[in-house]
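The values are calculated or read from the model by the stated rules, or taken from the named source; none is laboratory data. For clarity, every value in this text was computed on a predicted model and none was experimentally measured. Counting neighbours? That spans all protein chains shown, and the Cβs are built from the backbone with ideal geometry, glycine included. Surface accessibility is based on the protein's heavy atoms, side chains included, excluding ligands, DNA and RNA. Shrake-Rupley method; radii C 1.70, N 1.55, O 1.52, S 1.80 Å.
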Amino acid sequence: MIAPILGLICGVFIGVASKVVIPYGYSGYVAIAILACLDSVLGGIYAISQKQFDLKIFISGFFCNGILAVGLVLLGNQLNINLSIAAVVVYGSRIFNNFSQIRRFLLNKTQKQIIVVTEKEE
């Protein structure tokens, strides 16, 4: 469970430290792609916590979600419809849902460890 978190932190650090400048016209697409990929990463962390992680599903979901999100925003721009708001709402809610599931898992894991420790002390 530590490897995905370290990978995410390293990716953010490399992105911030690099000298790559995204043109203003593409910034909306990049932002939606980042949201979609962050959703996939948190979904992968949640799958690890449930012992259901499959690397093929994660990799395909990571890239397909990013491409699909950018494609929908591009289609929306072509039709003069702001689909980026819909993508932000959907991926934002999925990110919060995955994060809450991970939080619950970690809190329950910590609570079980406390119970085991107190039972051994008696």
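Among the residues of region 36-46, is any at pLDDT 90 or above and outside any helix (DSSP H, G or I)?
Looking through region 36-46, none of the residues is at pLDDT 90 or above and outside any helix (DSSP H, G or I).
Tell me whether region 97-104 contains one or more residues that are at pLDDT 90 or above, within 29 Å of residue 30 (Cα to Cα), open to solvent by less than 70 Å² (accessible area, probe 1.4 Å) and of a type in the set (Phe, Trp, Tyr).
Scanning region 97-104, I find no residue that is at pLDDT 90 or above, within 29 Å of residue 30 (Cα to Cα), open to solvent by less than 70 Å² (accessible area, probe 1.4 Å) and of a type in the set (Phe, Trp, Tyr), so the answer is no.
State yes or no: is residue 74 surrounded by 13 or more Cβ atoms within 10 Å (Cβ to Cβ), in contact (Cβ under 8 Å) with a residue 12 or more places away in the chain, in a helix (DSSP H, G or I) and more than 16 Å from the chain's Cα centre (by Cα)?
Working: surrounded by 13 or more Cβ atoms within 10 Å (Cβ to Cβ): yes; in contact (Cβ under 8 Å) with a residue 12 or more places away in the chain: yes; in a helix (DSSP H, G or I): yes; more than 16 Å from the chain's Cα centre (by Cα): yes.
So residue 74 fits the description; yes.
Specify which of the listed residues (92, 11, 66, 25) is surrounded by 12 or more Cβ atoms within 10 Å (Cβ to Cβ) and modelled with pLDDT under 90. Break it down into steps so the answer makes sense when it comes.
On the way: 92 fails: modelled with pLDDT under 90; 66 fails: modelled with pLDDT under 90; 25 fails: surrounded by 12 or more Cβ atoms within 10 Å (Cβ to Cβ).
Only one candidate passes the filter, namely 11.
Show the residue pairs that are 6+ apart or on different chains and have beta-carbon atoms under 6 Å apart, the first residue being within region 35-55 and farther than 22 Å from residue 72 by Cβ, the second being open to solvent by 50 Å² or more (accessible area, probe 1.4 Å).
Every condition considered, the pairs that remain are 46/101; 47/53; 48/1; 49/105.
Here are 34, 45, 59: which of them is within 14 Å of the chain's Cα centre (by Cα) and open to solvent by less than 40 Å² (accessible area, probe 1.4 Å)? Show your work before the answer.
Values: 34 fails: open to solvent by less than 40 Å² (accessible area, probe 1.4 Å); 59 fails: open to solvent by less than 40 Å² (accessible area, probe 1.4 Å).
The unique qualifying residue is 45.
Please find, within region 3-27, the residue that is nearest to residue 44 (Cα to Cα) out of those that are assigned to a helix (DSSP H, G or I) and not hydrophobic (A, V, I, L, M, F, W, C).
First pass over region 3-27, keeping only residues assigned to a helix (DSSP H, G or I): 3-17, 24-27.
Add one more test, that the residue is not hydrophobic (A, V, I, L, M, F, W, C), and what stays is 4, 7, 11, 15, 24-27.
Details: 4: 8, 7: 12, 11: 16, 15: 21, 24: 30, 25: 30, 26: 27, 27: 25 Å.
Top of the filtered list is 4.
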